[in-house]
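Have a look at the structure below, then the notes.
The values are calculated or read from the model by the stated rules, or taken from the named source; none is laboratory data. As the structure is a prediction and not an experimental result, all values here were calculated from the model. Neighbour counts are summed over all protein chains in view; Cβ atoms, including those assigned to glycine, are modelled from backbone coordinates with ideal geometry. For accessibility, only protein heavy atoms count, side chains too; no ligands or nucleic acids. Shrake-Rupley method; radii C 1.70, N 1.55, O 1.52, S 1.80 Å.
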Amino acid sequence: MADKKSGIDQALIRDLANILKDTDLTEIEVEQEDLRIRVSRAGTTQYIQAPIAAPAYAAPAAAAAAAPVAAAAAPAAVAGRNPANTVNAPMVGTAYMAPAPGARAFIEIGTTVKEGQTLLIIEAMKTMNQIPSPRSGKVTEILVEDGSPVEYGQALVVIE
């Protein structure tokens with residue numbers, strides 16, 4: 001036990017941080033014998049301001065009356081599509097249209113995709129999950145925006 005290093009190898013940490021920077025990764029972990037080092041950098045924070053439908057001091061009856069109207073509008077937008085052509089979210093998370101901020105999007109309207117090709121990424125519990133195309137075809141609609149939250153079963157993309 002006397003031969004253990006009595007300090008942290010700062011050069012190794014700097015090298016790992018440079019790897020993160022060079023590869024655009026957000027986290028890297030190295031384990032050697034009984035030494036384990038994880039270097040992580042915070043991702044970019046996006047602030048999205050949603051429009052306020054009613055003032056905070058509105059009467060509860062007014063807010064309850066507005067909710068069914070908004071809920072009824074959402075299914076009507078999806079009703080005109082063939083459900084067989086719609087790719088739905090397999091999980092709850094945040095949708096990203098590109099592999100990294102500032103990178104080119106995986107798909108655009110009019111893109112021809114092959115079965116298994118990545119359409120977008122859904123981040124769930126700090127894990128990036130690639131969403132593959134279930135079939136080949138042409139992307140006719142993209143129903144989510146980059147960085148927007150998605151629910152399980154929500155329509156994401158229409159492929160015809």
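Hey, can you tell me all the residues within the stretch 141-160 that are in a loop (DSSP other than H, G, I, E, B) and acidic (Asp, Glu)? First the steps, then the outcome.
We begin by selecting, within the stretch 141-160, every residue in a loop (DSSP other than H, G, I, E, B); these are 143-148, 151-154, 160.
GLU145, ASP146, GLU151, GLU160, listed by residue number.
Restricting attention to the stretch 122-138, does a residue exist that is open to solvent by less than 50 Å² (accessible area, probe 1.4 Å), part of a loop (DSSP other than H, G, I, E, B) and of a type in the set (Ser, Thr, Tyr)?
Yes, the stretch 122-138 contains a residue that is open to solvent by less than 50 Å² (accessible area, probe 1.4 Å), part of a loop (DSSP other than H, G, I, E, B) and of a type in the set (Ser, Thr, Tyr).
Which of the residues that make up the stretch 92-115 are in a loop (DSSP other than H, G, I, E, B) and open to solvent by less than 50 Å² (accessible area, probe 1.4 Å)?
Those that are in a loop (DSSP other than H, G, I, E, B) and open to solvent by less than 50 Å² (accessible area, probe 1.4 Å): MET97, ALA98, ALA100, ALA103, ALA105, ILE107, GLY110, THR111.
Please give the number of the condition VAL158 fails out of (1) in contact with a helix residue (DSSP H, G or I) (Cβ under 6 Å, 6 or more places away or on another chain); (2) open to solvent by 40 Å² or more (accessible area, probe 1.4 Å).
Failing condition for VAL158: (2).
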